[in-house]
Amino acid sequence: MQPAIMMKNIKKVYPDGVIALRGVSLEVMPGEIHGLLGENGAGKTTLMRILYGEIKPSSGEIWVFGRKVSFRGPWDAIKAGIGMVYQKFALVQSFTVMDNIMLSVSSINRKATYSDVANSAKRLMKKTGLEVPLDAVVEDLPVGIQQRVEILKTLLRNAKVLILDEPTSVLTPVEAEELFKTLKSLREMGIVVIFITHKLKEVMEVTDRITVLRKGRVVGTVKTSETTPAELAKMMVGREVFLKIERPPAIAGNTVLKVKDVWVKDDRGLDAVRGVTLEVREGEILGIAGVQGNGQTELAEAVAGLRPVAKGKIYVGDIDVTDKPTSFRYRIGLAYVPDSRSVGLVMDMNITENVILTNLLSVLSRYRKIRWGYAREVAHRVVKGFDVITPSLSAPIKYLSGGNQQKVMVGREIVREPKAFVVAEPTHGLDVGATEFIRKTLASLKTKGKAIMLISTDLDEILQLSDRIAVMYEGKVMAVGPASEFTLERLGLLMGGVSGE
Amino acid sequence: MNVKKAISTGAAITITIVIILAVAAGAWWWYTMSTPSQPKPAATTTSSSTTTTSVTTATSSSTTTSTTTQTATTTSPAKKKVRVAVLFDVGGRGDLSFNDMAYLGAERAQKELGVEVNFLTPKSLNDMVPLLEQLASSNKYDLLVLIGFLWTGPLNKTADKFPNQKFALIDSTTGVVRPNEMDLLFREQESSALIGILAAAMAYQLGGNTVGAVAGMDIPPLWKFHIGYLFGVKYFEMKTGKKVNFLWQYTGTFGDPQVGYTTAMQMLQQGAKVLYGLAGLTHIGMFNAVIDWNNEGKGKAFAIGEDASQEWYAPQYIPLSGAKRVDVAVYTAIKDVVDNQWKGGIVTLGLKEGGVGIWDLDGVKTFAELAYQTHQLKNMTPDEVVQIVKNLREKYIPQSAWQLVNELKQKIESGEITFKTPTTHDEYTHIIQELMKGNLNAALAKGSIS
Amino acid sequence: MSKEVRIRYAHYLTIVLELAISAVTGFMAGAIILWSLGYNPWYIYGIMISMGISNPDYLLSKATPLLLTGLAFSVPMLAGVFNIGGEGQLYIGAITSLVIAYYTGNAVLALLGGFLAGAALGGAIGALKAFRDVNEVVSAIMLNWILYFSILYLIVDKLYNPLMPQQSVPVPPSAQIGIIPFPGGGIHGIFFIAVVAALVTHYLIYYTDLGYVLRVSGLSPKSASYAGFNPKKSIVYSMIIGGGLAGLGGALLIQGYVHSIDTTMSTLYGLGFLGIGVGLLGWNNPLGIILSSVFFAMLIIGGEMVELTAGAPPELADTIIGIIVIALALPYAYKILINYVRRWRERI
């Protein structure tokens, strides 16, 4: 049978010399869901952006349904029947679903009328089960539905090949299940789905075949039915990964960080956190689970003093810091590692300059001169102690990989020796090696008697590290208790707003 | 890191600049070395061509000039040609006024006197002292001609340092007499007195009896205009017995057309029929006000320009311009050097010397052509401008007024009367008060009117 | 050679190459224009450079206000503020220094006054941006003109020199800044002070907590808040420093160079705007700005001489200067643009 997509020996070298793909060949057969698996930076997304015409390959051939193609841009790819849905949706938030669909369809078919498009949308919805309210305004819809709109949009542009980039990263487990069902029904319709992910369970559940990439090369293509998660993991990282890390027992002591009936508003002025009460004690990790956007980020920012508290109290140790500035909180022993590296780091500054970002006071002389020699010493300690791979301390941090950036961000907080940590998404987007390193570091901090509030949307991470777990949903804590009380299934339900029992 | 980075960035910039300098210097050296003969023939051709022109002009012009040029060239053929640098005001050429007139004067000197003239436009007052020092110490120029009052201070600072360098300052004075410095001033009272007569006469032709002036800043050169203009108006009153209302307003600026517009509009509403513009760029606003006043049908009114011929700006409504012949001043200064008649001190130019006056139709045409070439005059040709102005003058200036003008002009040119030049503000206000009372002789330093 | 050293050398080599290439491009583009208008490009460049540096005293005096307005642009730029108000800050510094010098005859007091006046004006613009969300470009341009006409009024109406009414009263000799004697020649005092100011600024920016906070705020305001710095304060402080430097520039210009302001404002006009070019050309680095201000001054002086020596209209020299400066500032401006575009794309 003729492959739907055939990519031959694709190479991509960026102008700055970074080699993203070193000769990748990929075959996707008609009527299959094809998983593209790999660590961050393996080249999955680059490969798909080449297929979608967004990036030009340095060399190599692309065949679509038996025709050799050379796309000048995504518009060419769309015409050839390829559609792509990104992690971040390309929807106009203030438009209705129908407006968004119309916008996308009219870009390839200027003659399309509103009613025609609405009719074909309704027909498609019935056929695929992708039910969306056409008249609703996009920003009012949950993320799962917005994703459906994106898929619908792509299909209405007559896509025969649908590329999904990490589609479940923003979904609750229930929504993810829904998505998988949809994908299977699309397969019945003969639509080829390419599914980019780094989550083993998902590829096992939904795909027919899997291609594993590592460092810009294809490790192998396997039939899903003939493989196991452990084998895939091995292919992905090139070594056996200990997905379970040692969890030292908690030796919980005094309460170091306390949040009492805290209400916080988000940027739009809506209540993002609604009366949360939590405690973190010395020598324990409190994991806060939840789907992205349920108030965890706002809670963390409120604790760090970056966001005003509308109501409630926050204590670090015995000190009420509710109305104190961020710098004061840091001084009395709080550390905050934000979820975004572009917030926690100044990308255009070098490592030394980034290391002193939260350590500024300690490197100042009496006359407020920065002691650069000492600053470099501290930076050196971070680099050595946390295994940061860098050519030089004076290299701008933007040239470091995400994992090394994260190590700098976590490491510089640890060398300050604070009492309490608020750590948000510490391993987001990191490869397995870096993830393991960061998690081990957090676990060892606990044994040193630090109090850690770990905010993560990665359930494995929460389950691996936490002594106690709190689940947040729509700004409220759904449940809180020792980790042993939570199974993966129960967590999934709680995160989806089902309190269970 | 930062130290090193900053120093190295600095070093990188230095190196680059050094490279640029080296390349340019090398190119410069290569150019001068490889083509040593190239500039020379060019120089000889220009000099030979200018000699021919000077000969032709010599034959055509009066015998006295021809002999002096002849002797200059024959007695000392080895003697280098007179070189002059004309230093413009800030802004330089293209103003259709001072700087362009200075250029015309220098060009005439180049043609008729066979001198070589270079030009330079300073960027600001700050550059004037260093430029004077640089040019004076280069010993290249026999004369530096400085256009405009802004040069006064800088000249005062540098003139003593270079006793062998001749300077000519146009339209201003340092107040110090030096053998190497000639300050050329204009006797503006003389021309503005004639303008005053014509303005009053035109006001009556237009069915009114009010004349006005939009003036710049309350400074000595403007005092002279005020005295002259008022004198002319009062002279008209005395000779014809017709009463004339006189309006005079300082706007405080030479550079704001908007203020000129509003000031002029107020005067027009007070019944002024003729407005005299004495405020540089500001009185362009006055011109616009007069144009609008006529076009909107509020009545008929005229404007009068000053310094250069400004009739081209709106020939239907600007019949006259007072002349301040910067070109004559520049030419005079250069000629004095060429003729070895140089004397330091203040030289004033009036009607007799052709330094001030009323622009004739030839002058109108010259400036209309300049404006036409620089695309500031649109919609009509210079010849049309001249024709319109000619008709306007014939229609609105009665013969009797020209008689009065010629009568006064004759008295001034013959030296029968001369005007006072006030040195203090009090003296100035006193003269104006007396003039307003009708005491014409208060404005005169010599002679009397009866 | 270690990897680190190699990378650093590669980095500097790129900088030098970039500058050299853009310089050559700029000069070549200018040469083509000159050549097509019938002038000999090498002759014109020769004049611009040789005449530009022929009078070091003139060169350095001319460079002094440019150096300071360049810093006045760059310091706020490092903190993410676009200070187009160097012009107005220079004006207010100049007039304040003139008034103080005229009435007290004290050079130090006048300099200090100029600095403080500029700092107050800069601080006001910064405060409007930080606390009232007024765009700094709009308020600065408006203030530029308000000051322009206010100062014109003062000079014409209140402070005119009775002997030379086209100029303001002069700075008395006791408040003038002259030549500082050095072994083997002297150096103009105002340039010396300006260089010291640049060095102090450099120290402030790269060696103190204040400078560090400013740079973080400029590069990433979110990171600044995260680190517990107040980005609003950074805006105000950077504008106070920038404004003060421009004010000092005005004071130095008046006390050490022209000694009075003329009624056409040619003394002051345009120096603040030129500072933007000087700052960009110096890559917003105080040490780079010292060099770029001298380079700029050289081109301007040389440009004046082009008319005298080659008979070309003065606008031609200005055009050539513009081309060269744009070409030289391009790699840096390009980087800023690329960064901006990248940030914009990341947001989508």
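Listed conditions (1) modelled with pLDDT of 95 or more; (2) open to solvent by 50 Å² or more (accessible area, probe 1.4 Å) are all met by B:G297, apart from (1).
Specify which of the listed residues (C:W35, C:W42) is over 27 Å from the mean Cα position of the chain (by Cα) and surrounded by 19 or more Cβ atoms within 10 Å (Cβ to Cβ).
Working: C:W35 fails: surrounded by 19 or more Cβ atoms within 10 Å (Cβ to Cβ).
That would be C:W42, the only listed residue that is over 27 Å from the mean Cα position of the chain (by Cα) and surrounded by 19 or more Cβ atoms within 10 Å (Cβ to Cβ).
Among residues of the range A:189-227 being closer than 20 Å to A:V64 by Cα and among the polar types (S, T, N, Q), the one that is surrounded by the fewest Cβ atoms within 10 Å (Cβ to Cβ) is A:T221.
Could you tell me whether C:Y269 is open to solvent by 10 Å² or more (accessible area, probe 1.4 Å) and outside any helix (DSSP H, G or I)? So C:Y269 passes the test.
Would you please name the residue that is most open to solvent (accessible area, probe 1.4 Å), looking only at residues in the range C:86-121 that are touching a Pro at 6+ places or on another chain (Cβ under 8 Å) and in a helix (DSSP H, G or I)?
Selected residue: C:Y102.
Restricting attention to the range B:239-246, does a residue exist that is in the same structural domain as B:I397 (by TED's automatic domain parsing), within 20 Å of B:A323 (Cα to Cα) and surrounded by fewer than 19 Cβ atoms within 10 Å (Cβ to Cβ)? Looking through the range B:239-246, none of the residues is in the same structural domain as B:I397 (by TED's automatic domain parsing), within 20 Å of B:A323 (Cα to Cα) and surrounded by fewer than 19 Cβ atoms within 10 Å (Cβ to Cβ).
One residue is enough: does the range A:455-467 have a residue meeting the conditions touching a Ser or Thr at 6+ places or on another chain (Cβ under 6 Å), buried (at least 23 other Cβ atoms within 10 Å of the Cβ) and of a type outside the set (K, R)? Scanning the range A:455-467 turns up at least one residue that is touching a Ser or Thr at 6+ places or on another chain (Cβ under 6 Å), buried (at least 23 other Cβ atoms within 10 Å of the Cβ) and of a type outside the set (K, R). For the range A:468-488, a residue qualifies if it is under 14 Å from A:G295 (Cβ atoms) and open to solvent by less than 10 Å² (accessible area, probe 1.4 Å), and the qualifying residues are A:A470, A:V471, A:M472, A:G475. Residues that are assigned by TED's automatic domain parsing to the domain that holds B:F246, of a type in the set (A, V, I, L, M) and surrounded by 20 or more Cβ atoms within 10 Å (Cβ to Cβ) do occur in the range B:372-382. The set of residues from the range B:247-277 being within 19 Å of the chain's Cα centre (by Cα) and open to solvent by 10 Å² or more (accessible area, probe 1.4 Å) comprises B:T253, B:F254, B:G255. Residues in the range B:84-98 that are within 12 Å of chain C (Cβ to nearest Cβ) and in contact (Cβ under 8 Å) with a residue 60 or more places away in the chain: B:V84, B:A85, B:V86, B:L87, B:F88, B:D89, B:V90, B:G94.
If a residue has to be assigned to a helix (DSSP H, G or I) and closer than 17 Å to A:Q93 by Cβ to count, how many in the range A:110-153 make the cut? The qualifying residues number 13.
Residues of the range B:403-412 include at least one that is closer than 30 Å to C:M164 by Cα and not hydroxyl-bearing (S, T, Y). With respect to being of a type outside the set (K, R), open to solvent by less than 60 Å² (accessible area, probe 1.4 Å), out of contact with any strand residue (DSSP E or B) (no Cβ under 6 Å at 6 or more places or on another chain) and modelled with pLDDT of 90 or more, A:T322 falls outside the description. Comparison of C:L60, C:L34, C:L13 shows that the only residue that is modelled with pLDDT of 90 or more and more than 7 Å from chain B (Cβ to nearest Cβ) is C:L60. Taken over the range B:108-139, the residue count meeting the criterion of being assigned to a helix (DSSP H, G or I), more than 10 Å from chain C (Cβ to nearest Cβ) and either more than 25 Å from C:V169 (Cα to Cα) or modelled with pLDDT under 90 (or both) is 7. Taken over the range A:304-342, residues that are away from chain C (no Cβ under 13 Å) and of a type in the set (A, V, I, L, M) amount to 5. Screening B:K298 on (1) under 26 Å from B:A371 (Cβ atoms); (2) not assigned by TED's automatic domain parsing to the domain that holds B:T174 shows it passes everything except condition (1). If you go through the range B:373-407 and keep only what is over 16 Å from B:I318 (Cβ atoms) and assigned to a helix (DSSP H, G or I), you end up with B:Q373, B:D383, B:Q399, B:S400, B:A401, B:W402, B:Q403, B:L404, B:V405, B:N406, B:E407.
In the condition set (1) under 15 Å from the mean Cα position of the chain (by Cα); (2) open to solvent by less than 30 Å² (accessible area, probe 1.4 Å), C:F82 is compliant with all but (2). Which ones in the range C:124-168 are open to solvent by less than 30 Å² (accessible area, probe 1.4 Å), at pLDDT 90 or above and among the β-branched types (V, I, T)? Passing the criteria: C:I125, C:I151. Every listed requirement among (1) away from chain A (no Cβ under 14 Å); (2) open to solvent by 50 Å² or more (accessible area, probe 1.4 Å); (3) at pLDDT 95 or above is met by C:P183 save one, (3).
One residue alone among A:V138, A:V143, A:V85 is hydrophobic (A, V, I, L, M, F, W, C) and either open to solvent by 40 Å² or more (accessible area, probe 1.4 Å) or without any contact (Cβ under 8 Å) to a residue 24 or more places away in the chain (or both), and that residue is A:V143.
When the range B:243-277 is filtered for residues that are within 14 Å of chain C (Cβ to nearest Cβ), of a type in the set (F, W, Y) and not in a strand (DSSP E or B), only B:F254 remains.
Listed here are the residues, each with its yes/no results for (1) in contact with a Gly (Cβ under 8 Å, 6 or more places away or on another chain); (2) away from every other protein chain (no Cβ under 14 Å); (3) open to solvent by less than 20 Å² (accessible area, probe 1.4 Å).
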| site | (1), (2), (3) |
| --- | --- |
| C:V196 | no, yes, no |
| C:H202 | no, no, yes |
| C:V213 | no, no, no |
| C:L219 | yes, no, no |
| C:K222 | no, no, no |
| C:S234 | yes, no, yes |
| C:A246 | yes, yes, yes |
| C:I254 | yes, no, yes |
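Need at least 2 residues that are under 21 Å from the mean Cα position of the chain (by Cα) and at pLDDT 90 or above per element, so show me which strands (runs of 3 or more DSSP E) inside the range A:1-92 make the cut, counting only ones lying wholly within it. Filter on the range A:1-92 gives A:33-38, A:82-85.
Does A:S392 satisfy the criteria of being closer than 28 Å to A:A470 by Cβ and within 14 Å of chain C (Cβ to nearest Cβ)? No; evaluated as a whole, the condition is false for this residue. The numbered conditions (1) touching a residue at least 24 places away in the same chain (Cβ under 8 Å); (2) surrounded by fewer than 17 Cβ atoms within 10 Å (Cβ to Cβ); (3) assigned to a helix (DSSP H, G or I) are all true for B:F367 except (2).
The values are calculated or read from the model by the stated rules, or taken from the named source; none is laboratory data. Just so it is clear, the model here is predicted, and its values are computed rather than measured. Using ideal geometry, Cβ is built from the backbone for each residue, glycine included, and neighbour counts are taken over all protein chains shown. For the accessible areas, the whole protein counts, side chains as well, though only heavy atoms, and no ligand, DNA or RNA atoms are used. Shrake-Rupley method; radii C 1.70, N 1.55, O 1.52, S 1.80 Å.
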